[in-house]
Amino acid sequence: MVQIPVGENLEWSDDAGITCRVVSDNRVEYNGEEYPLSRLTSYLKGWKYPYAPVQSYRLYEGETLQERRDRFEV
């Protein structure tokens, strides 16, 4: 949906040193484990349940995933 190739890294918006790698259309790898993006975001934020929109917490090439989604959906 946001045209990020498998194998690319996403940065955590709160700390650019925290990254995850895209492994499929809806999963990322972080510290050797695969997660849906919402579950990883919840884990890193300390949330008990996934919260939407999680796209605001990940960056690709300096742009949030929500910004990319908005741009590609136009």
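The values are calculated or read from the model by the stated rules, or taken from the named source; none is laboratory data. The structure presented is a predicted model; accordingly, all values stated were derived computationally and were not measured. All Cβ positions, even for glycine, are placed from backbone atoms using ideal geometry, and neighbour counts span all protein chains on display.
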Residue that is modelled with the lowest pLDDT [pool: residues in region 32-74 that are small (Gly, Ala, Ser) and more than 10 Å from the chain's Cα centre (by Cα)]: ALA52
Residue satisfying all of: in region 1-31; among the β-branched types (Val, Ile, Thr) and modelled with pLDDT of 90 or more; farthest from PHE72 (Cα to Cα) among these: ILE18
Region 1-24 residues that are in a strand (DSSP E or B), paired with ones that are aromatic (Phe, Trp, Tyr) (beta carbon under 6 Å, 6 or more apart): LEU10/TYR60; ILE18/TRP12; CYS20/TYR30
